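Structure first, commentary second.
The values are calculated or read from the model by the stated rules, or taken from the named source; none is laboratory data. If you're wondering where the values come from, they're calculated on a predicted model, not measured in any experiment. Glycine gets a Cβ as well: all are built from the backbone with ideal geometry, and neighbour counts include every protein chain shown.
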Amino acid sequence: MDKRRKKQFRALKKGHPVVSIGMFIIMSLAVTFLVGTIASLIISYILDSKLGSEYSDLQYMTRIYEAAGKMLDKEDAYELLGEEGRDFYITSKDGNIIYQKGEITAGSEPVSAFLSYMADEDDLENDDDYTSKVIFRTDTKVPLLTPDGEGHIGLDELSLLRDLPDLIEHTPEVGTTGTGNFITRLLDIEPGAVAMVPIWFDLPLGSEGDILCGKAYVKINMIDFAWITMLFAALFVLVVILFVVIFVNLIRGLVRRRGATKIFFTDLSTRGKNWMWFLLRGETYLKSGFAKRDTYAVINLVFVNYRNYCACHSIAAGDELLRSIDQWINTKLRGKEMCARVTGAEFAILLKFTDKRALESRLREMIDGLQNIDGEHIFHFQAGVDLVGIARNASGKPAKRRYFDMEIAYNNACTTRGTMADTEDSGVAFFTESMIEDQRWVDQVQEKQRQAIENEEFQVYYQPKYDPQTDELKGAEALIRWISPEYGFVPPGKIIPIFEKNGFITEIDHYMVTHVARDQRRWLDRGFKCVPVSVNISRAHFIESDLAEQIRDMVDAEGTPHELVELELTESAFFDDKKALIGTITRLKNYGFSVSMDDFGSGYSSLNSLKDMPLDVLKLDAEFFRGEGSGVRGEIVVSEAIRLAKSLNMLTVAEGVEVKEQVDFLASQGCDMIQGYYYAKPMPGPDYEERMKNNEENLRRAASSVEASEYAALLQGIPDYEQIEGTDVSDAADVAIIAPGDGE
Ligand code: C2E
Ligand code: CA
Ligand code: CA
């Protein structure tokens, strides 16, 4: 799946119920946390505001100690402090309790989250050296609590009140009793007070590092309680409202998502499912554990006649038909099988199967059912199939198809369907790996074709045609070869079908006509006795109404006599628009070109075409001469075809002749020319030049053995060899003679 699709999928997933419920839980927790924090902050504030005087009292005690310490010994000074009526204890620098008055409850009960100050621990940075008793706020770096030289707390009352919560929470723990912890415990009920909450403070005492841990009380009265109750009620209402809002939004989001998803996955023409749905659901399902034990087929089903149908009826009628097709297919699906329209008249189908042959017959049955879906017409459908096998883990057990990609599978199915694109008939084809290679080659050729023609990478090869009676060169056929810097020598079979499909063939035809005309002109200029060279003209090209004029102009541009260029038209082209074809052939002939019917006998009978088309040459297809001795029947057909051509005043060329017996037979039947490996394979221009030279030499030799008058007649029209590349007649014997049959 590509990135864009994945993104879309993720966007859709955001609205998924599981995700929404997850969001709901997270948001609820966040709200609870927030509300809890606010509540504890407020409560801390209330408590702190009440602690100011208690703290001053404790500070006062440290001052008393300082004042008394100068006169009394330590024990007496401690006792003096006891007169303040407060529970306290004193720890030494190393944390040992050295004096105690009253019960020590500090650290004996867990800190209540409800009352504790919620400041973030990280906001404070304690100097690790606790003995220095310096606490910093990380945000200000201002020391909060510093013992002055005499061991006093160097903080004024105001900032103390402001920072008290920090102090309470983070006063360094000294000793094992955990003093300084924030402890809540309901004590005795005092008149007018609802509750007394004890809090222990640590204060430096004296200069020896002793600590005074004094018990303070926070008095919570009715008003405080009322405030707290109201606060909690308000917070509770807030939480409820927030929960309701979140919940309602969640439900609305889910409903909206359902609607949006439906639109997102609905095909506008069929109102069924669309490609996006197929891609996401199909891929997810095939990758899941549910599908891992079964084999599946991803199918590209094309309604071949859709365009025609729309042209004859309307696009709306076409859509209506697509809808019935979609619905019909859906009625044939089982279990988790899927169908969706992709685009145009293409459907993507996912079928489960166990046996390939059964799958094929199921598909053929489907196509049969669809062929007459409207009860009036016969439609054609083609199905390309890519099979999805079972993935197995190391121990051979079925595993999830983790790397399955629906787009690739569907693409394979499309490539497979593409192999049937030449016909309009219904059919089913299965994907093979070589199809990918073929497709890759097609892409490469298409990418390189223009550059190849511009760089003149296409070369004209010439295959001579000989008279089997005299072994004389009578003509040649121009055949294209691609000499690619990247792929080397590429035969026409690997490129012509591609060019025919993509339309580039007309440029190839132009290229060939121009190059053949140019070569002929060059050879004429060099004094060769040129023979007609035929050029293949594609069927697609013949449809162009001014083809004859195009060819005439191209040949004229090179200054080549028209009779030296022949045009070959393949037999299958004769099924196209006959009138236009006859017009083009007639005009070509009027301009002096000869026209031949190529591959006669290779496909459908074209006898009828022979009746109407004013053709000059009939080329008997190589198929006649293939296989183990074409037999007596074959010989009868060939000789009758030759006779027929003669009766119609046409010359005959036998193609693909490879053995002497065939040559002898064709000679005995009066076949005019033979083009086949027996004489020569297609060859580059310079080699063909040699053939022309040798032909003339052979003629001279032949002539030298006949009477002078015949000699003169034979040489008529042959330029003097002296004129050709300065060759002297006396040197003629040195020119290699290529005997029939040694062609390569
Ligand atoms: P084609 O027009 O029927 O050309 C004759 C093919 O038969 C040539 O194949 C030739 O090499 C081959 N051939 C000739 N004699 C023998 C023989 O004795 N034995 C065997 N086995 N083969 C023989 P080639 O050159 O591979 O061309 C294949 C086809 O490609 C041509 O069939 C023609 O349809 C097309 N083609 C070639 N060049 C062009 C071109 O320039 N333009 C167009 N439109 N088509 C071309
Ligand atoms: Ca040909
Ligand atoms: Ca041919």
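Is it the case that Ala340 is of a type outside the set (Ser, Thr, Tyr) and either farther than 20 Å from Glu283 by Cα or surrounded by 16 or more Cβ atoms within 10 Å (Cβ to Cβ) (or both)? Taking the combined requirement at face value, the residue satisfies it. In this structure, Ile537 qualifies as touching a helix residue (DSSP H, G or I) at 6+ places or on another chain (Cβ under 6 Å) and not acidic (Asp, Glu). Output yes when any residue across region 372-380 is under 28 Å from the mean Cα position of the chain (by Cα) and crowded, with 19+ Cβ neighbours inside 10 Å, and no when none is. No, there is no match, as no residue in region 372-380 is under 28 Å from the mean Cα position of the chain (by Cα) and crowded, with 19+ Cβ neighbours inside 10 Å. Within region 574-590, can one find any residue that is buried (at least 18 other Cβ atoms within 10 Å of the Cβ), within 16 Å of ligand 1 (Cβ to nearest atom) and within 28 Å of Gly634 (Cα to Cα)? So far as region 574-590 goes, yes, one or more of its residues are buried (at least 18 other Cβ atoms within 10 Å of the Cβ), within 16 Å of ligand 1 (Cβ to nearest atom) and within 28 Å of Gly634 (Cα to Cα).
Listed by position, the helices (runs of 4 or more DSSP H) contained in region 607-670 that have at least 3 residues being in contact with a Gly (Cβ under 6 Å, 6 or more places away or on another chain) form an empty set. Considering region 298-332, the residues that are of a type in the set (Lys, Arg) and surrounded by 13 or more Cβ atoms within 10 Å (Cβ to Cβ) include one that is farthest from Ala413 (Cα to Cα), namely Arg323.
Any residue that is within 15 Å of ligand 1 (Cβ to nearest atom), more than 20 Å from Thr570 (Cβ to Cβ), at pLDDT below 90 and not aromatic (Phe, Trp, Tyr) - is there at least one of those in region 629-640? Yes, region 629-640 has at least one match. Number of residues in region 671-689 that are more than 9 Å from Pro468 (Cβ to Cβ) and either modelled with pLDDT under 95 or assigned to a strand (DSSP E or B) (or both) equals 3. The residue list Arg323, Arg307, Arg271, Arg257 contains one member that is over 23 Å from the mean Cα position of the chain (by Cα), not in a helix (DSSP H, G or I) and not aliphatic (A, V, I, L, M), which is Arg271. A single entry from Ser44, Ser49 fulfils the requirement of being buried (at least 17 other Cβ atoms within 10 Å of the Cβ) and modelled with pLDDT of 70 or more: Ser44.
Residue-wise test of (1) of a type in the set (Val, Ile, Thr); (2) touching a Phe, Trp or Tyr at 6+ places or on another chain (Cβ under 8 Å); (3) modelled with pLDDT of 95 or more.
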site	(1), (2), (3)
Ala358	no, no, yes
Ser361	no, no, yes
Glu376	no, no, no
Gln382	no, no, yes
Leu387	no, yes, yes
Asn393	no, no, no
Gly396	no, no, no
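Kindly evaluate Val460 against the criterion of being surrounded by 15 or more Cβ atoms within 10 Å (Cβ to Cβ), away from ligand 3 (no atom under 16 Å from the Cβ) and assigned to a helix (DSSP H, G or I). Criteria not met by Val460.
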